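Participant: Submitted below is the structure of interest, expressed as structure tokens.
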Amino acid sequence: AQSVAQPEDQVNVAEGNPLTVKCTYSVSGNPYLFWYVQYPNRGLQFLLKYITGDNLVKGSYGFEAEFNKSQTSFHLKKPSALVSDSALYFCAVRDISFSGGYNKLIFGAGTRLAVHP
Amino acid sequence: DTEVTQTPKHLVMGMTNKKSLKCEQHMGHRAMYWYKQKAKKPPELMFVYSYEKLSINESVPSRFSPECPNSSLLNLHLHALQPEDSALYLCASSQDPGQGGYGYTFGSGTRLTVV
């Protein structure tokens, strides 16, 4: 079965420091991986995706993610955190076992990022 | 237009009420989705519409009834809900239901409270 794991419930970072939000995946075949961010009482916003190609993927708001096939990881990173980055972050993988070819995403449990001034 | 619009933003309803949630997108996306999200939890898939036809029902109770009147509009009709149905209901769309490379575009959600 396809799955993603986000091992940290919360990540605390000081403003200006680099941040990493971890995600590991378990899929059969090539993974389609996504990161979304959710601000309070809002829907999820797409940050970036990995389908194929370069292992370092650049996305919105200065975020990037590194795909590591040997470690089955897709960690989200940003060189310098902002207080406004504080939100809930979800890693997701496409469920390729989903019959009919429909685009079903499986979400991780989420990681709350808190950036302190 | 690159948005998914959901109305209302907030809804309080009694257990005997009938209400509807509305979702609209004008991006030409051919797949639309309803998700339910409880506090501090990931979204859980409820329904998938592909080319205006119901493709997936994730064993959702019949008190939730989806409808897709056209390619831009998705409704979720609610009837005889329970307090545990209180949640954030998210609508999403994607460009092609058969292509896994496309992520979702989410609406801001409807915060539903059942009293």
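Participant: Output needed: Cys residues of the protein assembly as shown lacking any neighbouring Cys C-beta below 4.7 Å, sorted by number.
Facilitator: B:Cys68
Participant: Which one of B:His29, A:Thr20, B:Leu74 is farthest out on the positive end of the charge dipole of the protein assembly as shown, using unit charges on Cβ (Lys, Arg +1; Asp, Glu -1) and the Cα centre as origin?
Facilitator: B:Leu74
Participant: Once the Cα gyration tensor of the range A:22-117 is diagonalised, what are the square roots of 5 times its eigenvalues, in whole Å and ordered largest first, as equivalent ellipsoid semi-axes?
Facilitator: So the three semi-axes of the range A:22-117 are 24, 16, 11 Å.
Participant: Give me A:Tyr61, A:Tyr25 ranked fewest to most by other Cβ atoms within 10 Å of their Cβ, as a rough exposure proxy.
Facilitator: Arranged by neighbour count, lowest to highest, A:Tyr61, A:Tyr25 become A:Tyr61, A:Tyr25.
Participant: Of the listed pairs A:Lys22/A:Lys58; A:Lys22/B:Lys40; B:Lys18/B:Lys41, which have alpha-carbon separations greater than 20 Å here?
Facilitator: Too far apart for the 20 Å limit: B:Lys18/B:Lys41.
Participant: Given a cut-off of under 8 Å on Cα pairs at least six residues apart, what relative contact order in percent is computed for chain B?
Facilitator: Normalised by residue count, the contact order of chain B is 37 percent.
Participant: What does the charge count around A:Ala92 come to, taking other residues whose C-beta lies under 15 Å from its C-beta (Lys +1, Arg +1, Asp -1, Glu -1)?
Facilitator: My count for the surroundings of A:Ala92 gives +3.
Participant: If you count, for every residue in A:52-64, the Cβ atoms of partner chains within 10 Å of its Cβ, what is the mean?
Facilitator: The mean count of partner-chain Cβ atoms within 10 Å per residue comes to 0.
Participant: Then there is this: Under a point-charge model restricted to the Cβ atoms of Lys and Arg (+1) and Asp and Glu (-1), what is the dipole moment magnitude of chain B relative to its Cα centre, in debye to the nearest 20?
Facilitator: Roughly 380 debye, rounded to the nearest 20.
Participant: Additional query: I'd like to compare B:69-81, B:28-40: which one has the highest average count of other Cβ atoms within 10 Å, and what's the full order after that?
Facilitator: Packing proxy ranking, top to bottom: B:28-40, B:69-81.
Participant: Here is a further query. Using a 10 Å cut-off around each Cβ of peptide A:30-39, what is the average number of partner chain Cβ atoms that fall inside?
Facilitator: 3
Participant: Averaged over its residues, how many other protein chain Cβ atoms are within 10 Å of peptide A:40-47's Cβ atoms?
Facilitator: For this peptide, the per-residue mean of nearby foreign Cβ atoms is 6.
Participant: Please rank A:Asp54, A:Asp95, fewest neighbouring Cβ atoms within 10 Å first, as an exposure proxy.
Facilitator: So the ranking, lowest neighbour count to highest, is A:Asp54, A:Asp95.
No value in this document is a laboratory result; all are computed from the given coordinates. Just so it is clear, the model here is predicted, and its values are computed rather than measured. Neighbour counts are summed over all protein chains in view; Cβ atoms, including those assigned to glycine, are modelled from backbone coordinates with ideal geometry.
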